[in-house]
Each structure stands twice: as C-alpha cells, then as structure tokens.
Amino acid sequence: MKCSIKFLLLPAILICYTCLCFAQQEKTLLRFYDKSNNNPLGAVSLFKKDGEEIAKSDSAGYATVMQTDKDEYLIALKNGYSPDTIYNFSQSNIYLAPLTVMLNEATINGNEVHRVLRSAMEYVVDYAFVGDNILMATYSGNNGKRAKIFLMSPESDTLAMSDFPEEPLALFRSCIGKYYCVCWDKLYQINISLNDIKIDHTLDIKLLPALKLCQQCIDGNLYYKVSNYDSFFSTYSLVKKGDSVFYPFTKLTLHEAAEENLHDLADENRIMKSNYKEAQRIDKLRRFLNRSPLESLNYPLFSSRDSLIIFDFQDKSIQHYSMWGENVKNATIRFPFKELLDLDLLKDDITNRFYLYRHKAYSQTIEEVNINTGEVTTPKVRLQKPFATDVKVHNGDIYYLWQDGRNGAIRQLFVQKSILYANSN
C-alpha cells in the first residue's frame, strides 16, 4: 500500500516541480515612455524578427517579455513614433521618439488600412492592376489547392472570380498588356473582362524569361533590356513597330565592379590548386560583395509621359531618352542610395509619379522622387504593417501583402489609403 502511494505521489511531485520551473522562468518588465514629454506609452507592440507580435504595453506603458522572447532582439512599434530595436533588456525603460509632420525629414502615417479581399481565409500569392481594378491569385487549401483568380474593385467588391487548375506562383503582365499566371511548369494566359476571368491558353514556362526581356511597348515600338550579370552590364534596345531588328541605344556597365570581380576570381582560381577551403572563402566573399552593385542592374526600364527613364546608379543619374532612343537630358540623383539592397523604385502608372521605397523590415517608408531634379520630396509615408512585402503604389494608395505571424496559412492584400497623391501636387 505504501509503495502504491509513492507511485501516485511521484507524478504529482514532477508536475509541481515543472510548474515551479515555469513560474520561475525569467521575465523582464519593460516600460515605454514618450521621449519628448516622458509620459508612459500604451499600445506599443513588440515584434520578433519573424513578424510575430508577442506583447503590447498597457495604458501605463508596461509590457512583460519572457526569456524565450528576448533571445535575440525585439522591435517596438507604435503609430506616430519612430520604431526602436531592443537589444539590451537590462534597460527596462524604453523611450520612443514621436514623429512630427512639421520637419523636413518627417515621417507620417496613413490612417486607413484595410484588406482588399473580404474573405480572410485566402493566401494571396500575388496581385497586379488591371486599369483601376486589382487582379489577385490565391489559394485556401494545403499545397496550393483550391486556387482562385479574383478581380476586385478598389472598393473591395468582387467583380469576377474563377477557380484555377493548379497552384499559382505569381502573376505577370507582359509589355503588350497580356496577363499570365505563372505555375511550376506552365504559363497560363488569362483573358479578363469586367465580369469574367478565363484561361485563354497554356504556354511552356520556359517562355517566361523571354517575355520578361521586353520592358515597354509604346505606340507599337518595343523596348528591351538584356542584362549580363557575369560581365556586369545591361543593354537597352528598341524594336520599331512592324520591324524585327534590335537597335541598341544605351548600355550600362559597372566597370569598377567588373574589374574587382575579375581580380578576385583570378585569386580564387590561383588559390584553388593549393588551398580549396581558402578559395571557397574568397568565392563566398566575392559573391557577397557583388550583390549590391549587381542590384543596380535589376531596376526596370520605366516610361514617363514623354520619355523613357533609366536610373543609372553607377553614373548617379536619372537618364531621359526619347522614344527613338536619343538621350534627351540627365538629372543627378540627389537621394542617398549607398545600400541598394534596401531600396526599390516604384512607379504609379495612374498618376505617372515615381517613388523611393526603403524596405528595412522595421522601417518601411515611401517618398516621391522627382525624376527631373533627382530629389525626393517630404514627408515620408510609413507603412502601417511591419514586414510587408510586394509593395506597390497605385493611384496614390499603397498596396502590400502582409502575413499574420500567428497563422502562416493566411496572407492578405492590404491597401493603405495614404496622402501620397495629395503630397505630390
């Protein structure tokens, strides 16, 4: 009987011990303040680096962080305040600096953010604009099953919807305005009307790289961009309407980066014979150093109302070309671009305005670029949801995809009603 009691007590003791260990798990109490007036800040959200929100400060500014939550760093975000990255958890008082629209370098926040698709259970793979409307490729089942194509109005009304035969990977709009849905081994051409979406025909996926070479179609003239990343150059060519001959009109070459790459490659080949491990280290370093300069070749060929636009970060200029490939004028780039990996250039096809998008995960901002002066205008507009992806500007509003860190099966398209268009007038 005594032995039985011992066996019954042992699990209970283990459970109590486990509970005691959890109860003694280290916690850190943080308190957030307004840096300008030292008032406590409520509703400060704390995010892990993967975008998961793990805590929010109460009305007195307090937020509790567990040991497992603070192994690396946390990002503190609150509307109207500059974000802060928290590394030192021994510093229990955190001061956030308020943003103001009175300064030239101010950052402002759009007030209205909402989902475009009313169904909250779809994973939005990609989206594109069809005039004023929005085309979306989604799925709601495991492994891309129950795939669909939606055509939405800017007011989030579903204009058309069609089931799709397989998992979509991306949407692509060709230079002549045809829409495609990209899948693993097929390219589906989509026929879109105001109240219907149909698959026109299917192409081999191998045709996609060739379709992407054509960047613009203006009055029947085709404009191509071909990049050679091994030789560090991009060539821009014109194919006139009704013709099939390529007329190159300019070439961007990264001379300095190409020379450094050749020097490092020679060292790598020389050392390879005697020290393979060291050669591998040099190879990794060479590829890492090439990332930023090669990124400058990734920017597309834009078009403005009366010219073609090329951003040349090697020459630090915005180049304007006529529709026949003649260099009309150049503007000096006057905004900082040291880290090209952290910025994108966006064009609003409706308003014909250009924007600089900086996409650091915890500080995503957009500001207008004046292509005639090379300057950016202020104030900046901050994205309301952290870790947004696939950011675009359309008719002055900011669109982006955002995935809830607590549910990886759902990703939604959001529109942030901003003041971009008003600011640029």
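Summary of values
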| read-out | value |
| --- | --- |
| Residues of the range 175-197 that turn out to be surrounded by fewer than 13 Cβ atoms within 10 Å (Cβ to Cβ) and closer than 24 Å to Asn133 by Cα, as a count | 7 |
| Filtered residue count, the range 100-129, keeping only those that are surrounded by 13 or more Cβ atoms within 10 Å (Cβ to Cβ), at pLDDT below 75 and under 23 Å from the mean Cα position of the chain (by Cα) | 4 |
| Residue satisfying condition, being within 30 Å of Leu285 (Cα to Cα), assigned by TED's automatic domain parsing to the domain that holds Ser153 and polar (S, T, N, Q), within set Ser234, Ser244 | Ser234 |
| Residues of the range 211-258 that turn out to be under 31 Å from the mean Cα position of the chain (by Cα) and charged (D, E, K, R), as a count | 5 |
| Single match in Tyr236, Tyr276 (criterion: among the aromatic types (Phe, Trp, Tyr) and under 30 Å from Leu308 (Cα atoms)) | Tyr236 |
| Glu278 vs. criteria surrounded by fewer than 18 Cβ atoms within 10 Å (Cβ to Cβ), of a type in the set (Asp, Glu) and in contact (Cβ under 8 Å) with a residue 12 or more places away in the chain | no |
| Qualifying residue in the range 249-270 (condition: under 24 Å from Ile398 (Cβ atoms) and either modelled with pLDDT of 90 or more or not aliphatic (A, V, I, L, M) (or both)) | no |
| The range 366-396, residues that are buried (at least 17 other Cβ atoms within 10 Å of the Cβ) and in contact (Cβ under 8 Å) with a residue 60 or more places away in the chain | Ile371, Pro379, Lys380, Val381, Arg382, Gln384, Lys385, Pro386, Phe387, Lys392, His394 |
| Selection count where residues are among the aliphatic types (A, V, I, L, M) and modelled with pLDDT of 85 or more, scope the range 61-75 | 2 |
| Odd one out for Glu166 among (1) outside any strand (DSSP E or B); (2) surrounded by 18 or more Cβ atoms within 10 Å (Cβ to Cβ) | (2) |
| Failed item in (1) over 30 Å from Met323 (Cβ atoms); (2) touching a strand residue (DSSP E or B) at 6+ places or on another chain (Cβ under 9 Å), with Lys251 passing the rest | (1) |
| Residues within the range 224-265 that are part of a loop (DSSP other than H, G, I, E, B), closer than 17 Å to Ala210 by Cα and small (Gly, Ala, Ser), tallied | 1 |
| Which numbered condition Ser156 misses (of (1) of a type in the set (S, T, N, Q); (2) over 29 Å from Asp132 (Cβ atoms); (3) outside any strand (DSSP E or B)) | (2) |
| Contacts under 6 angstrom Cβ, first residue in the range 287-306 being charged (D, E, K, R), partner in a loop (DSSP other than H, G, I, E, B), 6 or more apart | Arg305/Asn352 |
| Selection from the range 190-223 of residues that are over 24 Å from Phe246 (Cβ atoms), among the polar types (S, T, N, Q) and in a strand (DSSP E or B) | Asn191, Ser193, Thr202 |
| Residue among Leu289, Leu208, Leu301, Leu265 that alone is under 24 Å from the mean Cα position of the chain (by Cα) and not assigned by TED's automatic domain parsing to the domain that holds Leu171 | Leu289 |
| Test: residue in the range 379-387 that is more than 30 Å from Leu46 (Cβ to Cβ) and assigned to a loop (DSSP other than H, G, I, E, B) | no |
| Qualifying residue in the range 332-354 (condition: within 12 Å of the chain's Cα centre (by Cα) and either farther than 30 Å from Glu155 by Cα or outside the structural domain of Gly141 (by TED's automatic domain parsing) (or both)) | yes |
| Extreme residue, surrounded by the most Cβ atoms within 10 Å (Cβ to Cβ), among residues of the range 137-161 that are among the small types (Gly, Ala, Ser) and within 14 Å of Ile190 (Cβ to Cβ) | Ala137 |
| Residue satisfying condition, being over 30 Å from Ser317 (Cβ atoms), in contact (Cβ under 8 Å) with a residue 40 or more places away in the chain and of a type in the set (Ser, Thr, Tyr), within set Tyr188, Tyr179, Tyr236, Tyr223 | Tyr179 |
| Number of the condition not met by Gln319 [criteria: (1) at pLDDT 90 or above; (2) buried (at least 18 other Cβ atoms within 10 Å of the Cβ); (3) within 24 Å of the chain's Cα centre (by Cα); (4) not in a helix (DSSP H, G or I)] | (3) |
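The values are calculated or read from the model by the stated rules, or taken from the named source; none is laboratory data. Owing to the predicted nature of the structure, the values given are computational and were not obtained by experimental measurement. Heads up, the Cβs are rebuilt from the backbone with ideal geometry, glycines too, and the neighbour counts pull from every protein chain shown.
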